[in-house]
1. For the range 181-206, which residues satisfy the criterion of being small (Gly, Ala, Ser), assigned to a strand (DSSP E or B) and within 15 Å of residue 327 (Cα to Cα)?
2. Filter the range 19-40 down to the residues that are near the ligand (Cβ under 9 Å from one of its atoms), under 24 Å from residue 155 (Cβ atoms), in a helix (DSSP H, G or I) and of a type in the set (A, V, I, L, M) and list them by number.
3. With respect to the numbered conditions (1) crowded, with 16+ Cβ neighbours inside 10 Å; (2) at pLDDT 95 or above; (3) assigned to a strand (DSSP E or B); (4) not β-branched (Val, Ile, Thr), which one is the sole condition not fulfilled by residue 209?
4. Considering the range 312-330 alone, what residues qualify as being more than 9 Å from the ligand (Cβ to nearest atom), in a loop (DSSP other than H, G, I, E, B) and either buried (at least 23 other Cβ atoms within 10 Å of the Cβ) or free of Cβ contacts under 8 Å to residues at least 60 places away in the same chain (or both)?
5. Please determine, by comparing only the residues of the range 41-65 that are crowded, with 24+ Cβ neighbours inside 10 Å, of a type in the set (A, V, I, L, M) and closer than 30 Å to residue 165 by Cα, which one is farthest from the ligand (Cβ to nearest atom).
6. I want to confirm something. Restricting to the range 185-221 and keeping residues that are among the aliphatic types (A, V, I, L, M) and touching a His at 6+ places or on another chain (Cβ under 7 Å), which single residue is farthest from residue 258 (Cα to Cα)?
7. Condition first: among the charged types (D, E, K, R) and either part of a loop (DSSP other than H, G, I, E, B) or in contact with a Ser or Thr (Cβ under 7 Å, 6 or more places away or on another chain) (or both). Now tell me which residues in the range 41-57 satisfy that.
8. I'm trying to understand the selection: among the residues of the range 428-440, which are surrounded by 15 or more Cβ atoms within 10 Å (Cβ to Cβ) and either more than 19 Å from the chain's Cα centre (by Cα) or part of a loop (DSSP other than H, G, I, E, B) (or both)?
Amino acid sequence: MSPYAMDRPAECAAAVRDLRIAIIGAGMGGLGCALALAKKGFRDVHVYENASDLGFVGAGIQLAPNLVRVLDRLGCWQGIEAEATDIVETSIRDGRSNEELTHVHMPDIRQKYGHPHCTGHRASLAGGLYEACKAQPAIKFHLGHTLSSVDEFEPRPVFTVTPREGSPHQVTADVLLAADGVKSVARTHLMQRLGASVDVEDTGQAAYRVMLPRDKMAADPEMMALLDSNQVTRWIGEKRHWICYPIASRTIYNMSSIQPDVNFASAPSMTYTTRGSNDAMLQTFSDFCPLIRRMLDLVPDGQVCEWKLRVHKPLPTWVHGCVGLIGDACHPTLPHLNQGASMAVEDGAVLAEVLAQAPGAAPDVINKCLRVYELLRKERTTTLVDLAAHSGRVLHLGEGKAREERDREFAASRAQGSSVPDKWASPDVQKMIYSHDCMLEASEKFKTLYRHLDQASQGAES
Ligand SMILES: Cc1cc2nc3c(=O)[nH]c(=O)nc-3n(C[C@H](O)[C@H](O)[C@H](O)COP(=O)(O)OP(=O)(O)OC[C@H]3O[C@@H](n4cnc5c(N)ncnc54)[C@H](O)[C@@H]3O)c2cc1C
C-alpha cells in the first residue's frame, strides 16, 4: 500500500490527528496555525503565549485578499469583515506638496481574486482569530507562559517554559511550531543547534502609528473626505512616508509612518515599541504638506506609538527535527507590501495542510512534512520580503535622477495602468500576491514534494 496520505489506513490517520502539537506565540501566525490545525481535525493543540492576557491593542492593518481567503476558509472572516473597510482605490502623493503622483483604481479586486482587499483594526483581526480558536475544544491556551529554551528537537521536541507565576518546567510534544515573532527564542536555539548565526538586523527605520478618532476630524472637510473614502493614501518623501486609511467602521483614521530611527538606535535594550513624542513626530514631518501636519496636530499627547523595524537575513532553514518556525520568526519583513501578517497566517494554514496529509506520526515523517512546508513557503516569502525592501528604497528616494525616473513611472502608471513603483499598489504585483491560494497549493503539491524528500532520504541511506 502506498504510504501517502490519501490512501493511508484509518488508524494511521487517527495517530496523526492525535499528535501533540505545541505552538509558541499567540500572534497572527500562532493563532492562525492553531485554528487551521483544529479545523483539520487535530485534537491536541497547545498554545504558549508570553502575555498573560490577549487584550489586543495596536493600530490598523491591511487585510489583503490572500489573507482574507484563508480567514474565510477558517470561518472567522465574517466577524472581522463587519467592521472592515473595502479598499477600491489608492492614491500615492508627494508628501511635501500633496500632489498626486498616481491613482490606482481597483474596484474589481473582489471579482478578480474572489475576496476583497480591506483595512481593519489589528484587535479585530487578532480578536476574531482568538475567539474562533476558543470555540475549538482541541486548542488549549497557556497564557503567561514564556518559552525559555528549546532543549531537544528530535525525536520529540522538548522545551522549557517559564510561567509568570511558577517555576520553569520542561514540556514534551510531538511537534513544536514557533510563532514567537521577530525576536524568536526558538529561532535562536534552532540556529545554535545547527551552528548557524543569523542575528536580527537593524533596518535603521522606525514607524509611528497613530489613530485619529472621527470626532477630532469632523470639522475638517478634507480630512472627512479621506475618512469616508474607500482609499488607502500614501504620502511619500525622502526616507519617510505616511500610509493612512479608515478602520473600525470609519470611526478611526489610521496613520502609520516610516522614518529614520533616531530613538531606538541609541537605546541599549532590545525594545521594539515605545511611546513616541508628539513634538519629535511633528518635527520629523515638518516639511510635509499642511493636511498631514493638521492631522498630526490632532493626535492627543501620549498617544503616539513608535515601533522599531527589525528584520534578519534569510535563514539557512526553518526546520530542525520536529521543530518549525512560522511568520516573523523566520521571515520578518518591512511593512511596505503589507504582507507580514498575511504571510504568518498563510504559514499556519499551510502547516495544517501538510501535517493533515502526513502518512504517519513517526518523527521522521513529521520532519519531512515540516520540510515540505518550508519548500512550499520559503521562496515565496523571500520574494515578498525582498519586494517590500525594494519598494521602501524606491518610495524613500531623495532628489535626483532616480527620483525623477520614479515619478515618470508613477505618471505612466496612471496613464497606462502599467506597473506602479509602489509595489503594493501595482496590479502585476497584486496579481502575483492576491491570486495565490496557499492551501490549495499545499494540498496539491504535498504528495509530490513528500515523495521527493522520502526518495532522497532513502537514496542517502542506501
Ligand atoms: C509598522 C508595521 C505595519 C504593519 N502593517 C501590516 C499590514 O498592514 N498588513 C500585514 O499583513 N502585516 C503588517 N505588518 C506586519 C505584521 O504585523 C507582522 O508581520 C505579524 O504580526 C507577524 O505575526 P507573527 O505571529 O509572526 O508574530 P507576532 O505578531 O510578533 O506574534 C508573536 C507572539 O509571540 C509571543 N512571544 C514572543 N516571544 C515569546 C516567548 N519567548 N514565549 C511565548 N510567547 C512569545 C508574543 O507575545 C506575540 O504574541 C506590519 C508591521 C509593522 C511593524
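1. First pass over the range 181-206, keeping only residues small (Gly, Ala, Ser): 181, 184, 186, 195-197, 204, 206.
Now restrict to residues that are assigned to a strand (DSSP E or B): 204, 206.
Within the range 181-206, none qualify.
2. Going residue by residue through the range 19-40, those that are near the ligand (Cβ under 9 Å from one of its atoms) are 24-33.
So of that shortlist, the ones also under 24 Å from residue 155 (Cβ atoms) come out as 24-25, 30, 33.
Retained after the next criterion (residues that are in a helix (DSSP H, G or I)): 30, 33.
Correct list: empty.
3. Every condition holds for residue 209 apart from (2).
4. 318, 322
5. Per the stated criteria, the residue is 45.
6. At the first step, the residues of the range 185-221 found to be among the aliphatic types (A, V, I, L, M) are 185-186, 190-191, 194, 196, 198, 200, 206-207, 210-212, 217-219.
Going one step further and asking which of them are touching a His at 6+ places or on another chain (Cβ under 7 Å), we end up with 190, 194, 198, 200.
Values: 190: 31, 194: 35, 198: 25, 200: 19 Å.
Here the answer is 194.
7. Going residue by residue through the range 41-57, those that are among the charged types (D, E, K, R) are 43-44, 49, 53.
Answer for the range 41-57, where residues must be among the charged types (D, E, K, R) and either part of a loop (DSSP other than H, G, I, E, B) or in contact with a Ser or Thr (Cβ under 7 Å, 6 or more places away or on another chain) (or both): 43, 53.
8. Passing the criteria: 436, 437.
The values are calculated or read from the model by the stated rules, or taken from the named source; none is laboratory data. Since we're looking at a predicted model, the values are computed, not measured. Positions of Cβ are backbone-derived with ideal geometry, glycine not excepted, and every protein chain shown enters the neighbour counts.
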